[in-house]
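Working notes, beginning with the structure itself.
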Amino acid sequence: MSGNKIILEVKKLSKVYDKEVLNIEHLSFHKGKIYGIIGPSGAGKSTFLRLVNLLESPTKGYIYFKGEKIFLNDHTAALARRDMTMVFQKPLLFHTSVAENIAYGLKARRFPKEKIKARVEALLEKVGLKEFAGRHAATLSGGEAQRVALARAVAFEPALLLLDEPTANLDPTNVQLIEQLILELNKDTEMTIIIVTHNIFQARRVAREVVFLHEGHIVEAGETKKIFTSPEDPRTKAFVEGRMVY
């Protein structure tokens, strides 16, 4: 698996609303790895994803995607958006069939019809919804809808997949299914995946590296095993042991 090429990098990145909610001096993400971003509520985790996904502009600082500095309102953002995608905690599906939802990004990118058909069928099989192709998305359960949202997001095989609490409200069966999908996608495509999660056990199960945020700052970052078994900062230790109140 490719682990040396930097796919995403941020420098002196900050975001201020009424107060500063994020301030990251430097952070980089390499191709083919799964990263977990953990931390208490209000740590800046979702804000970080929104900035990286170009939904908001940083107050200060820079975002580099595949080596190029990205600016929100010019061609660099448009190009970056074609090769990254995000899945939110609450599935945002279109009011159409399951198959049409999954095909959306492929049609927007003008993939050939036969390739779209084959890709949609393969993804329906992968997410365990082969018999749901013609079903209206509005009739799906929460777990089914999230699997469709994930299939739609990865249909065009983006270089970067951002996941914001993708299993927060799901039952254990769907949590297990989605975690397995995340691992398979990473293995099969070398897709870089960043998952924000409150579930430290989930981060430990799926992430190769972990970033611990607290009050908008990086407290500690490194290999998952090290963060969980021998953290260097007492705040990290308190968080992974469940002693940090949040």
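Each value in this text was obtained by applying a stated rule to the coordinates, not by laboratory testing. In this text the structure is predicted, and so the values were computed from the model without any measurement. Glycine gets a Cβ as well: all are built from the backbone with ideal geometry, and neighbour counts include every protein chain shown.
Provide the percentage of antiparallel DSSP beta bridges, counting only those with both residues in segment 115-246; round to the nearest 5.
Working: 6 of 11 bridges.
Restricted to segment 115-246, the bridges split so that about 55 percent are antiparallel.
Springs between Cα atoms under 10 Å define the GNM used for the chain, and in it the highest mean-square fluctuation of THR76, THR47, THR192 occurs at THR76.
Pick from THR236, THR197, THR59: which is most flexible by mean-square fluctuation in a GNM of the chain where alpha carbon atoms under 10 Å apart are linked? Maximum fluctuation in the GNM of the chain, among the listed residues, is at THR59. Given R0 = 45 Å, the distance between the Cβ atoms of HIS217 and LYS113 translates into a calculated FRET efficiency of 0.40. The DSSP beta bridges internal to the chain are antiparallel in roughly 60% of cases. Applying a threshold of 21 Å to the alpha-carbon distances of LYS12/LYS45; LYS31/LYS187; LYS126/LYS226; LYS33/LYS60; LYS19/LYS60; LYS90/LYS226 flags LYS126/LYS226; LYS33/LYS60; LYS90/LYS226 as lying beyond it.
A Gaussian network model of the chain, with springs between Cα atoms under 10 Å, assigns the largest mean-square fluctuation among ALA99, ALA133, ALA159 to ALA133. Across the chain, Cα pairs under 8 Å and at least six residues apart give a relative contact order of 27 percent.
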